[in-house]
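Visitor: Take this structure first; my questions come after.
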Amino acid sequence: MSRAWLIAAPLLLAGCATSSLVLMPDDEGHQGSVAVLEANGKPTEAVISEQSRTKLGDATPNSKPLGADGLKKDEAALLTNLPPPAKSFLLYFDQGTVNLVPSSAGVLANLRAEIASRSGPEVEVIGHTDTVGSAEDNDKLSVRRAEQVLEWLVSQGFDRSEMSAVGRGERDLKVATEDNTDNAANRRVEVIVR
Amino acid sequence: MRGIAIGLGLIALIATSDAAAEIARIKTSSGTATVVRGSQKLKPAPGLQLEARDTLVTGKDGRMAVTFIDNTRFAVGPNSSVSVSEFQYDRTQQKGAMVTQVDRGSLAVVSGKIAKSNRDAMKVRTPNTLLGVRGTKFIVEVPQ
């Protein structure tokens, strides 16, 4: 009985030892890497850092170039099904107000089109201020800016449950300045569409 | 003693509901596809909010696409079972940790802010391997 188990065990291990990894550059062309931290329960320190296909499970992974054939049909289909990358929009405001600068009006139209084009969108609205005024007032102003954008999106027919709005006050300046500095680039709302 | 135990139970419940925050959303799905949450089986309609420990299960014609709140993106292929067993992300600090388990099938990943936040903050487990993702695009395949 136990002897039969001893014979069967390596076969079972072999049966599940066929996981594989295909590593590719990201959409911007940067080649990242994947570390194999454990193989078959044992710690390893291997790092795969080239475009390659690797059979997983060995302590020293044997990576092969993707070669002329490149991706298999199933793999190419899988990549086609990846959601689009998150997209970020910046809207700018007049000093001390929730009024958009005129040049940001066109960005609103692009933002609306982007959300409408996505399936199951999530929209994160983050308000910011410059350093004019107190930190407390700027916290409030940044929230009002973010909520103003969110309310506009609601008025355009988007579901509130798709969206969130937060204010970061003067904590995350786009351009570092001294306190009480008027700066148009810092008076902004970032909208991330996923 | 019993009172304390019940009290602790309540705290645990509160902590659990707190932890059950949105981590991702279903973008698209097709064919036979299910989100398994504990004993529940949810239809992966576009916009469905995922929680940590959800499992994405597809049949032979099934597919799902998911985007996480840190911008990580998944495409789950046919005949797959993929769980996000751990997910923590601080939107303000843009740091976190994530463990994804691929029990069978195929998963394409484009990593997001979690993978950039700390070395091996994003891990992927297959039945025989633990991978540390260092910012990239890849496919993991686990044949049945």
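Visitor: When you go through A:Ala176, A:Ala105 one by one, which is the residue that is farther than 26 Å from B:Ala24 by Cα and at pLDDT below 95?
Guide: Details: A:Ala176 fails: at pLDDT below 95.
Of A:Ala176, A:Ala105, the one residue that is farther than 26 Å from B:Ala24 by Cα and at pLDDT below 95 is A:Ala105.
Visitor: While we're on this one: With respect to A:Pro85, determine if the residue is modelled with pLDDT of 95 or more, open to solvent by less than 90 Å² (accessible area, probe 1.4 Å) and in contact with a strand residue (DSSP E or B) (Cβ under 8 Å, 6 or more places away or on another chain). Walk me through how you get there before you give the answer.
Guide: Details: modelled with pLDDT of 95 or more: yes; open to solvent by less than 90 Å² (accessible area, probe 1.4 Å): yes; in contact with a strand residue (DSSP E or B) (Cβ under 8 Å, 6 or more places away or on another chain): yes.
For A:Pro85, the condition - modelled with pLDDT of 95 or more, open to solvent by less than 90 Å² (accessible area, probe 1.4 Å) and in contact with a strand residue (DSSP E or B) (Cβ under 8 Å, 6 or more places away or on another chain) - is met.
Visitor: Pick out the one residue from B:Val82, B:Val57 that is more than 8 Å from chain A (Cβ to nearest Cβ), open to solvent by less than 10 Å² (accessible area, probe 1.4 Å), out of contact with any helix residue (DSSP H, G or I) (no Cβ under 8 Å at 6 or more places or on another chain) and over 14 Å from B:Glu22 (Cβ atoms).
Guide: Working: B:Val57 fails: open to solvent by less than 10 Å² (accessible area, probe 1.4 Å).
Of the residues listed, the single one that is more than 8 Å from chain A (Cβ to nearest Cβ), open to solvent by less than 10 Å² (accessible area, probe 1.4 Å), out of contact with any helix residue (DSSP H, G or I) (no Cβ under 8 Å at 6 or more places or on another chain) and over 14 Å from B:Glu22 (Cβ atoms) is B:Val82.
Visitor: Which residue is surrounded by the most Cβ atoms within 10 Å (Cβ to Cβ), if the candidates are limited to the range A:138-194 and must be within 14 Å of another protein chain (Cβ to nearest Cβ) and of a type in the set (Ser, Thr, Tyr)?
Guide: Per the criteria, the residue is A:Ser142.
Visitor: If a residue has to be in contact (Cβ under 8 Å) with a residue 24 or more places away in the chain and farther than 23 Å from A:Ala86 by Cβ to count, how many in the range A:105-135 make the cut?
Guide: Number satisfying all stated conditions: 6.
Visitor: Here's something else I'd like to know. Determine which single condition A:Val34 fails, assuming it passes every other condition in (1) assigned to a loop (DSSP other than H, G, I, E, B); (2) open to solvent by less than 60 Å² (accessible area, probe 1.4 Å); (3) modelled with pLDDT of 90 or more.
Guide: Going through (1) assigned to a loop (DSSP other than H, G, I, E, B); (2) open to solvent by less than 60 Å² (accessible area, probe 1.4 Å); (3) modelled with pLDDT of 90 or more one by one, A:Val34 breaks only (1).
Visitor: Scan B:Ala65, B:Ala52, B:Ala75 and give me the residue that is in contact with a helix residue (DSSP H, G or I) (Cβ under 7 Å, 6 or more places away or on another chain) and either in a strand (DSSP E or B) or acidic (Asp, Glu) (or both).
Guide: Details: B:Ala65 fails: in contact with a helix residue (DSSP H, G or I) (Cβ under 7 Å, 6 or more places away or on another chain); B:Ala52 fails: either in a strand (DSSP E or B) or acidic (Asp, Glu) (or both).
Result: B:Ala75 is the single residue among B:Ala65, B:Ala52, B:Ala75 that is in contact with a helix residue (DSSP H, G or I) (Cβ under 7 Å, 6 or more places away or on another chain) and either in a strand (DSSP E or B) or acidic (Asp, Glu) (or both).
Visitor: Let me spell it out: the conditions are (1) within 19 Å of A:Ser20 (Cα to Cα); (2) open to solvent by less than 10 Å² (accessible area, probe 1.4 Å); (3) facing another protein chain (nearest Cβ under 7 Å), and B:Thr67 meets all of them except one. Which number is the exception?
Guide: In the conditions (1) within 19 Å of A:Ser20 (Cα to Cα); (2) open to solvent by less than 10 Å² (accessible area, probe 1.4 Å); (3) facing another protein chain (nearest Cβ under 7 Å), B:Thr67 misses (1) alone.
The values are calculated or read from the model by the stated rules, or taken from the named source; none is laboratory data. Everything numeric in this text was worked out from a predicted model, so none of it was measured. For neighbour counting, all protein chains shown are included, and Cβ atoms are generated from backbone atoms with ideal geometry for every residue, glycine included. We work out accessible area using only protein heavy atoms, side chains counted, and drop any ligands, DNA or RNA first. Shrake-Rupley method; radii C 1.70, N 1.55, O 1.52, S 1.80 Å.
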